[in-house]
1. List pairs: first residue in the range A:104-116 and over 15 Å from residue B:247 (Cβ atoms), second residue surrounded by 10 or more Cβ atoms within 10 Å (Cβ to Cβ) and at pLDDT below 85 anywhere in the structure, Cβ distance under 9 angstrom, at least six positions apart or on different chains.
2. Restricting to the range B:99-109, give me the number of residues that are under 20 Å from the mean Cα position of the chain (by Cα), in contact (Cβ under 8 Å) with a residue 60 or more places away in the chain and either more than 14 Å from residue B:73 (Cβ to Cβ) or more than 9 Å from chain A (Cβ to nearest Cβ) (or both).
3. If residue B:44 satisfies all but one of (1) buried (at least 16 other Cβ atoms within 10 Å of the Cβ); (2) more than 34 Å from the chain's Cα centre (by Cα); (3) within 23 Å of residue B:116 (Cβ to Cβ), what's the number of the condition it fails?
4. Does the range B:33-40 include one or more residues that are more than 7 Å from every other protein chain (Cβ to nearest Cβ) and closer than 30 Å to residue B:183 by Cβ?
5. May I ask you to list the residues in the range B:44-70 that are free of Cβ contacts under 8 Å to residues at least 12 places away in the same chain and in contact with a helix residue (DSSP H, G or I) (Cβ under 6 Å, 6 or more places away or on another chain)?
6. Out of (1) crowded, with 18+ Cβ neighbours inside 10 Å; (2) under 19 Å from the mean Cα position of the chain (by Cα); (3) within 14 Å of chain A (Cβ to nearest Cβ), the odd one out for residue B:122 is which?
7. Sort out which residues of the range A:77-123 are within 22 Å of residue B:51 (Cα to Cα) and modelled with pLDDT of 90 or more, and write them in order of number.
8. If a residue has to be without any contact (Cβ under 8 Å) to a residue 60 or more places away in the chain and not in a helix (DSSP H, G or I) to count, how many in the range B:309-326 make the cut?
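The values are calculated or read from the model by the stated rules, or taken from the named source; none is laboratory data. These numbers were taken from a predicted model, which means no experiment stands behind them. Note that we place each Cβ from the backbone using ideal geometry, even for glycine, and neighbour counts take in every protein chain shown.
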């Protein structure tokens, strides 16, 4: 009896935190379902075209499909759209540098072009 | 273009634009808390639209959907032809070879609307402004240069520019609509009706009209470009791929030639019924992937290496339509067995014009001369 009373008291005292926790949990599950869950496969993998453009994708393995869906990029993948929807961090530092001719002329570098000595011919 | 120009953002033009509203980080990621270049670029996605669903698609879901299946993005023509040549895309070795060498031309939203093609050195088109209509020469011509833009602008010595550019100044977008650019990727670009078709704008080209050569025989037998392509186009030969001992992927091609050859139409269909069409050599070779493993294209001969072509160097008057005898009896205009590398003759059997299908020389009739030709294009 005493234990039950203690538990109720603890719950009442922490009701706010519990509600917040439950809300956060529900929001996380919702976001997962929306962007990373099973439905996301339909977004990132071109199933529609796999069904209707057999040549392009139906016979291709997952690696190729993924490549066709999201061609290789030079750097890290773009942020999730959930980040787009949220308030993005300030871009002030990016803008300050990329609109400043003097800074760019000092810092900008041409990416190193890597050419194989084995390569030959046009194309 | 200098390195700094490639990454310079036009503060006035771009930052006032709605596309600047989400902020840089929203699309490109990165590390915003620092002003140290190396640190700020940690986690940066330079090509933010590589996955359009997650960036451009946030506001333009309809275009992101189109991009997901776009021919420019998926390059289904490569897959189509490789499959026909026997490529087994369940074979990891083949997939590695393909991914190493044949996917670098993919174009996402930003590759056309924001940036210059990497083939031109990359960089922003105009201070990160988002161009609704892509730059014809920097964007379209940046990727389709040797086989389209150079022909169209008359960059090949001795061959005039296409009359549609030379006289009418028509940009690519005049004939190729936005729907074409964003079209779903399936098959090759020659699947379905010709889009655009010459007769879409020239419906008067019909038998029985003022031009005698536009009779049912010629119109039925010849694609328009057979008579109206003004000269040679670039053919590329051979392509071998590999990875060197530094781990750098490479191509070896066997050179290019300017060629004008009329072959049997390899794509004869109700939409393209003509028996003859110009052909050009694609950079294809049986040993394309031999570095990775031999026999990855076991059915190489199933597809010609001289492929259907629609040269963009159209003129009304051309060397081969100057008179009847400019074509009839001119065997060298046609793709004959001796024009084809013996190693690929079997592959090209369907496009090589056999001797009995070469237009025979016309009989000489005393007192009859070839028709006069008009000047101009």
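1. Going by the 9 Å Cβ cut-off, the qualifying pairs are A:111/A:74.
2. 2
3. Answer for residue B:44: the failing condition is (2).
4. No - not one qualifying residue is present in the range B:33-40.
5. B:54, B:57
6. (2)
7. Residues of the range A:77-123 within 22 Å of residue B:51 (Cα to Cα): A:77-89, A:91, A:94.
Residues satisfying the conditions are A:91, A:94.
8. Of all residues in the range B:309-326, those without any contact (Cβ under 8 Å) to a residue 60 or more places away in the chain come to B:322-326.
Imposing the further condition that a residue be not in a helix (DSSP H, G or I) reduces the set to B:322-323.
Qualifying residue count, the range B:309-326: 2.
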